[in-house]
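Before any comments, here is the structure.
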Amino acid sequence: MDKYWRAPAKLQTVVIKRVDEPATAVQLLKTGDADQFVVGSYARNVAKQFAGLSSVKVIDNIATLVLQTLFMNFNIKDSAKLGSGKLDEKGIPANFFSDLNIRRAFAASFDYDTFLKDQLLGKGVLNNTAMQTSFPGYDKALQYHFDKAAATTSFKKAWGGKVWESGFTVPVYFNSGNANRQKAAEVLKRGVEAINPKFHIDVRETQFSQILADQAVQRESVWMLGWQADYGDPHNFAQPFLASTGNYPQNTEYRNPKIDKLIDQAVSISDPAQRAALYRQMIRTGFNDVAEIPIYQPVNYTAQRDWVKGRVTNPLYAGDIYYYTSK
């Protein structure tokens with residue numbers, strides 16, 4: 001742009017393509033048909049394949065302001081997700097997840113440490129709260145634990161004991177091409193099904209656009225998505241995850257008037273200490289409600305040819321800011 005206030009960018013054109021298959025990405029970088037890759041959905045072990053290429057640089061340990069979370073719909077408005085539509089081994093009622101004991105049981109059925117070790121190769125930060133670890137309001141004491149005994153107890157309490165006797169089948173969705181979310185669904189399946197032979201998790205793959213469309217009208221059942229901060233403030237996690245008007249509670253029908261009041265207070269004052277105390281209180285409330293099951297904050301890596309210069313990685317950016325990059 002002739003009237004841009006800074007000097008012209010070094011690149012005149014940037015072509016962005018989506019490549020779902022890791023092997024294809026490795027080949028494109030090897031041949032020089034691609035200059036760089038932003039890697040978010042590939043399995044962690046693909047980093048070794050990129051690092052093994054000549055004239056390719058892997059930038060690792062990139063902090064993010066992203067929280068990958070498992071969501072449960074309290075009122076599923078899609079009969080195709082319900083199977084039989086009642087408490088039996090072939091399905092669930094629409095309000096299955098409105099029972100706190102079900103949500104507690106699911107949270108205790110996920111093997112967080114194994115997921116971090118085996119799928120993320122230790123490159124991630126376990127976080128079970130709706131607040132980034134670097135923000136005021138985060139409380140490291142708030143952690144869900146993989147605990148078969150605790151999960152069993154909660155399942156036996158759920159729906160007045162009917163769930164334990166009747167069983168269920170719950171569909172859990174991940175978006176195509178996202179290896180980490182697929183593995184998370186499989187880890188949940190393994191944990192839940194090990195508790196009772198009448199419990200079934202049906203892991204289903206679908207398009208990302210379909211998950212977004214279904215969740216927007218409360219037609220999704222259980223699914224995993226990530227939230228990336230729009231700006232560096234605790235409100236940008238508390239509000240979308242916990243407020244009645246927030247992005248995800250509108251999709252799951254989670255409501256807690258106490259949290260709504262705290263969020264309104266916190267966003268209207270400027271004292272950092274007071275705000276931190278309010279956010280800590282609301283985050284604890286959401287954690288105790290198991291409003292959703294946050295799992296981890298990603299630690300990202302990128303791969304690029306050695307002719308790429310000036311690239312900037314910043315957790316506040318949704319992607320590359322190509323103004324700084326040259327080739």
Exercise. Compute the Rg/Rh shape ratio of the range 181-327: radius of gyration over Kirkwood radius, all on alpha-carbon atoms.
Key: 1.04
Quiz item: To one decimal place, what orientation-averaged projected area in nm² is obtained for the convex hull of the Cα set of the chain?
Solution: 18.5
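Of all DSSP beta bridges located in the chain, what percent are antiparallel, nearest 5?
Bridges in the chain are about 70 percent antiparallel.
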Exercise. Over the chain, with every protein chain in place, what whole percent of the accessible area is carbon and sulfur at 1.4 Å, could you tell me?
Key: 50
Quiz item: Within the range 138-291, what is the number of lysine pairs with alpha carbons under 24 Å apart, leaving out pairs fewer than eight places apart on the same chain?
Solution: 17
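When Lys and Arg each count +1 and Asp and Glu each count -1, what net charge do the other residues less than 14 Å away from Val187, Cβ to Cβ, add up to?
Charge balance near Val187 sits at +1.
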Quiz item: How much solvent-accessible surface does Met72 expose, in Å² to the nearest 10, with a 1.4 Å probe and all protein chains in place?
Solution: 0
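Which whole-number percent of Cα pairs in the range 201-271 have a distance greater than 13 Å?
Here the tail beyond 13 Å accounts for 69 percent of pairs.
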Practice problem: Evaluate the Kirkwood expression for the hydrodynamic radius of the range 27-100, namely the inverse of the mean inverse distance over all pairs of different C-alpha atoms, and round to one decimal in Å. | Solution: 16.6
Self-check item: Of Ala141, Ala291, Ala149, the one that fluctuates the most in a GNM where the chain has Cα springs shorter than 10 Å
Solution: Ala141
Exercise. With no solvent and one equal point scatterer placed on each C-alpha of the range 255-326, evaluate the Debye formula and give log10 I(q)/I(0) for q = 0.16 Å⁻¹, two decimals.
Key: -0.76
Self-check item: Prolate/oblate/rounded label for the range 75-197 (Cα gyration tensor, a/c 1.5)
Solution: prolate
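Could you work out the helix-only [θ] at 222 nm for the chain, with each DSSP H run of four or more residues adding -39,500 (n - 2.57) and the total divided by the number of residues, to the nearest 500 deg cm²/dmol?
-9500 deg cm²/dmol
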Practice problem: For the chain, with a Gaussian network of springs between Cα atoms less than 10 Å apart, report the residue from Gln12, Gln49, Gln68 with the top mean-square fluctuation. | Solution: Gln12
Exercise. For Leu11, tell me the accessible area in Å² from a 1.4 Å probe, rounded to the nearest 10.
Key: 50
Quiz item: Using a cut-off of 15 Å between alpha-carbon atoms, which aspartates and glutamates can reach Lys30, once sequence neighbours fewer than 8 places away in the same chain are excluded?
Solution: Glu21, Asp306
Exercise. Would you look at the GNM of the chain, springs on alpha carbons closer than 10 Å, and say which of Thr13, Thr245, Thr169 moves the most?
Key: Thr13
Quiz item: For the range 138-222, what is the convex hull volume of the alpha-carbon atoms per residue, in Å³?
Solution: 140
Self-check item: Accessible solvent surface per residue of the chain, calculated while the other protein chains remain in place, 1.4 angstrom probe, Å²
Solution: 48
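The values are calculated or read from the model by the stated rules, or taken from the named source; none is laboratory data. Since we're looking at a predicted model, the values are computed, not measured. Every residue, glycine among them, receives a Cβ derived from its backbone with ideal geometry; neighbour counts consider all protein chains shown. Just so you know, the surface numbers come from the protein's heavy atoms only, side chains and all, with ligands and any DNA or RNA stripped out. Shrake-Rupley method; radii C 1.70, N 1.55, O 1.52, S 1.80 Å.
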